[in-house]
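Asks: Quick one: this structure, given as structure tokens, is what I'll be asking you about.
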């Protein structure tokens, strides 16, 4: 079984990955979008649980979502 050696030095890979990660998260756009989407989803779930009018379901959801 022959295994070909890679021509990309291993030392370059972490530096490239860090640069791409810094570019992706540099503006802080993704974390804020994820936080906004999560809050919106929580509100929709709470609205649906209120519509069901099941006692304790809304409180169970709040406890589960907050840990």
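Asks: Residues in the stretch 36-62 that are at pLDDT 80 or above and under 20 Å from the mean Cα position of the chain (by Cα): how many?
Replies: Here the count works out to 10.
Asks: Additional query: Filter the stretch 24-35 down to residues that are at pLDDT below 90 and surrounded by 10 or more Cβ atoms within 10 Å (Cβ to Cβ), then give me how many there are.
Replies: Within the stretch 24-35, residues that are at pLDDT below 90 and surrounded by 10 or more Cβ atoms within 10 Å (Cβ to Cβ) number 2.
The values are calculated or read from the model by the stated rules, or taken from the named source; none is laboratory data. Because the structure is a prediction, the values reported are computed rather than measured. Counting neighbours? That spans all protein chains shown, and the Cβs are built from the backbone with ideal geometry, glycine included.
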